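Here the structure comes first, spelled out in structure tokens, and everything after it is commentary.
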Amino acid sequence: MKRALPLIALLYAAAFSSLADEPKTTNPAPSEYRIGVEDVLDIAVWNSPDLQRVVPVRPDGNISLPLVNDVVAVGLTPMELRDVLIEKFSAYVQKPDVSVVVREIHSFKVSVIGNVRMPGRYELKGPSTVLDALALAEGLTEFAARRKISILRRDGATPQRIRFDYFAAVNGEGEKNLLLKPGDIIVVP
């Protein structure tokens with residue numbers, strides 16, 4: 001037992017020292033979140049309780065508020081929308097202090113298709129990776145071609161196919177576990 005104790009201590013130290021060296025995925029800062037259709041926003045104007053509203057983002061990308069009517073929200077960060085609202089409310093309220101809080105995220109949807117146990121469209125609640133989405137789809141089937149998994153992503157008008165290194169991601173190479181974007185499609189042949 002005395003011989004095994006130093007070996008156990010060495011293995012324990014080695015296991016935990018490697019955790020610190022693991023690369024991590026970079027999660028976007030909350031200020032980088034872009035408002036999407038179906039999100040629910042909490043809009044408040046300081047000292048104007050009549051202007052406080054919880055509003056859904058409509059399919060046309062707008063929100064409706066008293067005094068300023070329709071305002072485009074889709075594609076803006078909460079801080080960018082705040083700046084737009086300050087400008088619009090300035091015509092009616094002296095020095096408006098506006099806050100915009102994303103109360104519910106409903107626009108972050110991805111699809112997982114192919115050889116997974118539960119293919120489908122999934123609504124994500126925040127920054128998520130490919131492995132997160134595969135877990136929501138209850139994992140890969142035994143027939144899944146793990147070396148051929150890809151993500152279809154539409155940046156602008158041109159769709160692109162991004163190769164996903166499944167084995168590197170599950171072996172702890174965090175940068176290989178790609179962050180998803182709304183509308184991504186994970187294809188598991």
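Taking Val98 as the residue in question, decide whether it is out of contact with any Ser or Thr (no Cβ under 8 Å at 6 or more places or on another chain) and within 19 Å of Gly126 (Cα to Cα). Write out each step before concluding.
On the way: out of contact with any Ser or Thr (no Cβ under 8 Å at 6 or more places or on another chain): yes; within 19 Å of Gly126 (Cα to Cα): no.
Spelling it out, it is not the case that Val98 is out of contact with any Ser or Thr (no Cβ under 8 Å at 6 or more places or on another chain) and within 19 Å of Gly126 (Cα to Cα).
Between Arg58, Arg121, which is over 17 Å from Glu32 (Cα atoms), modelled with pLDDT of 95 or more and not in a strand (DSSP E or B)?
Working: Arg121 fails: not in a strand (DSSP E or B).
Criteria check complete, one pass: Arg58.
Among the residues of the range 60-114, count how many are among the aromatic types (Phe, Trp, Tyr) and over 30 Å from Ala133 (Cβ atoms).
Step one: list which residues in the range 60-114 are among the aromatic types (Phe, Trp, Tyr), which gives 89, 92, 108.
From what is left, the residues that are over 30 Å from Ala133 (Cβ atoms) are 89, 92.
Looking only at that region, the number is 2.
Is there a residue in the range 26-36 that is in a helix (DSSP H, G or I), modelled with pLDDT of 95 or more and closer than 30 Å to Val130 by Cβ? Show your work before the answer.
Just the residues of the range 26-36 that are in a helix (DSSP H, G or I), to begin with: 30-32.
Within this subset, residues satisfying the condition of being modelled with pLDDT of 95 or more are none.
No, that holds for no residue.
Can you name the residue in the range 124-161 that is of a type in the set (Lys, Arg) and at pLDDT below 95 and is also nearest to the chain's Cα centre (by Cα) among such residues?
The first filter runs over the range 124-161 and keeps only residues of a type in the set (Lys, Arg), leaving 125, 146-148, 153-154, 161.
Keeping just the survivors that are at pLDDT below 95 gives 125, 154.
Working: Lys125: 7, Arg154: 16 Å.
Top of the filtered list is Lys125.
Could you look through the range 78-94, keep only residues that are of a type outside the set (A, V, I, L, M) and out of contact with any helix residue (DSSP H, G or I) (no Cβ under 9 Å at 6 or more places or on another chain), and pick out the one that is surrounded by the fewest Cβ atoms within 10 Å (Cβ to Cβ)? Full working, then the answer.
Applying the first criterion (of a type outside the set (A, V, I, L, M)) to the range 78-94 yields 78, 80, 82-83, 87-90, 92, 94.
From the residues that got through so far, the ones that are out of contact with any helix residue (DSSP H, G or I) (no Cβ under 9 Å at 6 or more places or on another chain) too are 80, 82-83, 87-88, 90, 94.
Working: Glu80: 15, Arg82: 18, Asp83: 14, Glu87: 12, Lys88: 17, Ser90: 12, Gln94: 7.
Among them, the one singled out is Gln94.
If only one of Val112, Val170, Val101, Val187 is exposed (fewer than 13 other Cβ atoms within 10 Å of the Cβ) and more than 15 Å from the chain's Cα centre (by Cα), which one is it?
Values: Val112 fails: exposed (fewer than 13 other Cβ atoms within 10 Å of the Cβ); Val170 fails: exposed (fewer than 13 other Cβ atoms within 10 Å of the Cβ); Val187 fails: exposed (fewer than 13 other Cβ atoms within 10 Å of the Cβ).
The unique qualifying residue is Val101.
Considering only residues that are out of contact with any strand residue (DSSP E or B) (no Cβ under 8 Å at 6 or more places or on another chain) and touching a residue at least 24 places away in the same chain (Cβ under 8 Å), which ones fall in the range 56-67? Working first, answer last.
Filtering the range 56-67 for residues out of contact with any strand residue (DSSP E or B) (no Cβ under 8 Å at 6 or more places or on another chain) gives 59-60, 67.
Once the filter is applied, which keeps residues that are out of contact with any strand residue (DSSP E or B) (no Cβ under 8 Å at 6 or more places or on another chain) and touching a residue at least 24 places away in the same chain (Cβ under 8 Å), the range 56-67 yields only Leu67.
Rundown of residues vs (1) assigned to a helix (DSSP H, G or I); (2) free of Cβ contacts under 8 Å to residues at least 60 places away in the same chain, yes/no style:
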{"site": "Val101", "(1), (2)": "no, no"}
{"site": "Ser107", "(1), (2)": "no, no"}
{"site": "Ser111", "(1), (2)": "no, no"}
{"site": "Lys125", "(1), (2)": "no, yes"}
{"site": "Asp132", "(1), (2)": "yes, yes"}
{"site": "Glu138", "(1), (2)": "no, yes"}
{"site": "Phe143", "(1), (2)": "no, yes"}
{"site": "Leu152", "(1), (2)": "no, yes"}
{"site": "Gln160", "(1), (2)": "no, yes"}
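The rows are residues; the columns are (1) surrounded by 14 or more Cβ atoms within 10 Å (Cβ to Cβ); (2) assigned by TED's automatic domain parsing to the domain that holds Ile35; (3) of a type in the set (Gly, Ala, Ser); (4) out of contact with any Pro (no Cβ under 9 Å at 6 or more places or on another chain).
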| residue | (1), (2), (3), (4) |
| --- | --- |
| Tyr122 | yes, no, no, yes |
| Val130 | yes, no, no, yes |
| Ala137 | yes, no, yes, no |
| Arg146 | yes, no, no, yes |
| Arg154 | no, no, no, yes |
| Pro159 | no, no, no, yes |
| Tyr166 | yes, no, no, yes |
| Leu179 | yes, no, no, no |
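Picking from Ala145, Ala73, Ala91, which residue would you name as being under 23 Å from Glu175 (Cβ atoms) and hydrophobic (A, V, I, L, M, F, W, C)? It would help to see each step written out before you state the result.
Details: Ala73 fails: under 23 Å from Glu175 (Cβ atoms); Ala91 fails: under 23 Å from Glu175 (Cβ atoms).
Ala145 is the lone residue from the list that is under 23 Å from Glu175 (Cβ atoms) and hydrophobic (A, V, I, L, M, F, W, C).
The values are calculated or read from the model by the stated rules, or taken from the named source; none is laboratory data. Keep in mind it's a predicted model, so treat the numbers as computed, not measured. Please note: Cβ atoms are built from the backbone with ideal geometry, for glycine as well, and neighbour counts cover all protein chains shown.
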